[in-house]
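Let me begin by presenting the structure, written as structure tokens, before commenting on it.
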Amino acid sequence: MRIETNEPGSMSVAGLIVSLLLLTLSSSASADEHGKNLFLENCAVCHGSSGNGGVGVPLALPEFIDNVDDAYLRKTIHYGRPGRIMPSFSVLNDSQVTAIIAYMRSWTGNKPPVYSADHIVGDTEKGKAIFQQRCSACHGANGEGGRGTGVTFSRPRDLPVLAPALNNTGFLGSASDSMIRETLIKGRKGTPMVSFLEQGLSKKDINNVVAYVRTLEHHPGAKAMKQAAAEPPYLIAESPNSLEKTIQAVKDAVLNANMRLIRVQNLDQGLVDADQENKKQVIVYSCGFNFLNEALKVDPRVGLFLPCRVTIVEHKGKVLVMTVNPKRLSAVFNNNELERLCEQMHQTYTDILEESTL
Ligand code: HEC
Ligand code: HEC
């Protein structure tokens, strides 16, 4: 609801009080709803509508939610897990993230723990030896996480099989040493991650493992993913030619790249009446069928970005040719095999952009 501000004199005092009451009531009622709705919109597709897990790990398990602090959740939502499936939600503002966290806390109703930000001192060499014995089978030899996408049709959606990547900048940038230690001490009941105190590690061993996990930040795999995440989302080239000439050049370049032309349409086709379409924003759809088949076999989610799209726009006297940046895609999907294909697609797009803007 809205309070009229243009005519303050016209509202009675009683009316004002009622309005303010309604405003507080409706905003407190909607704070919960707001967080829930944001979670449903942004997170449920992977984590399940009540946080019970799916492609993403279950978040509603008490052993998870009651053992992580708000800072960890806030940073995880902000950074995502570059190179894994978990996207970065840097588009959500602070109050939206606060609302989501409040909703997540409502699953158990418990207060979050408070962790010290101090680093835990340990023997990283000893920690590494323990890691290789006790952790690498699930988390990978270098903490790169369970392999594959976790997307299979046979896997029950509420079973988390995929161990998270620990050499991940999103994870290491979000988790304090104390939180990692707590996870090793308590484990996450209801998941394959067990308590390593119960498994016979001493607290000293656990400190050594924590110190080792912290060093994974410097692993080359972590660096490669950081680089991929830092790639710009789009590839853009400016054409010296007219819009019509550039569209033709894109079509030619697509054919030269051994792809089939599917169709050319205005960007807003279907969104506005045909005669209202903006003829200065055009998409050229194309497809390399061998590539498509290969990519879909590796990861069906690639379909989201296919067929290939090259967008040509005339804006403020400039003609621009644009595509998504496939190198960025390899950071979005957790799939090593996809990296090679994204690299290949990046080369094709770069060639098309260069050739059509000569
Ligand atoms: C049997 C497989 C398995 C083993 C062995 C294992 N983990 Fe895990 N670990 C998991 C899974 C699965 C999760 C995700 C749990 C969840 O859904 O919250 C996890 C979660 C974690 C987390 C939290 C990560 C995050 O993103 O919140 C840390 C830290 C971790 N493990 C460290 C270790 C270390 C260190 C060891 C060895 C001492 C180890 N794990 C052994 C499977 C395993
Ligand atoms: C496209 C799928 C996807 C979406 C959407 C998604 N996540 Fe995730 N999320 C994951 C996966 C997968 C992981 C495990 C990371 C790994 O495998 O390394 C994860 C991990 C997490 C973790 C860390 C869990 C742990 O064990 O420490 C949190 C917290 C989290 N997500 C919260 C959210 C929230 C909140 C949203 C919505 C704003 C969201 N996620 C949206 C897939 C997703």
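The values are calculated or read from the model by the stated rules, or taken from the named source; none is laboratory data. Keep in mind it's a predicted model, so treat the numbers as computed, not measured. Because the Cβ atoms are built from the backbone with ideal geometry, glycine has one as well, and the counts that use them run over all protein chains shown. Areas reflect the complete protein model, heavy atoms only, side chains present, ligands, DNA and RNA absent. Shrake-Rupley method; radii C 1.70, N 1.55, O 1.52, S 1.80 Å.
Brief remarks follow.
- Whenever a residue of the stretch 115-143 is not assigned by TED's automatic domain parsing to the domain that holds Thr215 and open to solvent by 50 Å² or more (accessible area, probe 1.4 Å), it has no partner that is part of a helix (DSSP H, G or I) and of a type outside the set (Gly, Ala, Ser) lying with C-beta atoms less than 9 angstrom away and at least six residues away or across chains.
- In the stretch 244-261 there is no residue matching the filter, namely being part of a helix (DSSP H, G or I), under 27 Å from the mean Cα position of the chain (by Cα) and over 21 Å from Pro233 (Cβ atoms).
- Check on Lys327, of a type in the set (Lys, Arg) and more than 25 Å from the chain's Cα centre (by Cα): no
- Some residue of the stretch 300-315 being β-branched (Val, Ile, Thr) and in a helix (DSSP H, G or I): yes
- Extreme residue, nearest to Phe89 (Cα to Cα), among residues of the stretch 101-110 that are of a type outside the set (Phe, Trp, Tyr) and in contact with a helix residue (DSSP H, G or I) (Cβ under 8 Å, 6 or more places away or on another chain): Ile101
- Condition met for Asn290 (open to solvent by 30 Å² or more (accessible area, probe 1.4 Å), at pLDDT 85 or above and more than 30 Å from Gly143 (Cβ to Cβ)): no
- Screening Val55 on (1) within 11 Å of ligand 1 (Cβ to nearest atom); (2) more than 23 Å from Val210 (Cα to Cα) shows it passes everything except condition (1).
- Scanning the stretch 39-62 for residues that are within 10 Å of ligand 2 (Cβ to nearest atom) and surrounded by fewer than 19 Cβ atoms within 10 Å (Cβ to Cβ) returns Leu40, Glu41, Asn42, Ala44, Val45, Cys46.
- Scanning the stretch 160-195 for residues that are more than 11 Å from ligand 2 (Cβ to nearest atom) and among the basic types (Lys, Arg) yields Arg181, Lys186, Lys189.
- Once the stretch 86-114 is narrowed to residues that are within 14 Å of ligand 1 (Cβ to nearest atom) and of a type in the set (A, V, I, L, M), the residue that is least open to solvent (accessible area, probe 1.4 Å) is Met104.
- Residues that are over 20 Å from Tyr115 (Cβ atoms) and more than 12 Å from ligand 1 (Cβ to nearest atom), drawn from the stretch 72-84: Pro82, Gly83
- Within the stretch 298-326, the residues that satisfy the criterion of being at pLDDT below 80 and either out of contact with any strand residue (DSSP E or B) (no Cβ under 8 Å at 6 or more places or on another chain) or not assigned by TED's automatic domain parsing to the domain that holds Lys245 (or both) are Val298, Asp299, Pro300, Arg301, Val302, Gly303, Leu304.
- Restricting attention to the stretch 63-112, the residues being over 13 Å from Asn42 (Cβ atoms), part of a loop (DSSP other than H, G, I, E, B) and of a type in the set (S, T, N, Q) number 4.
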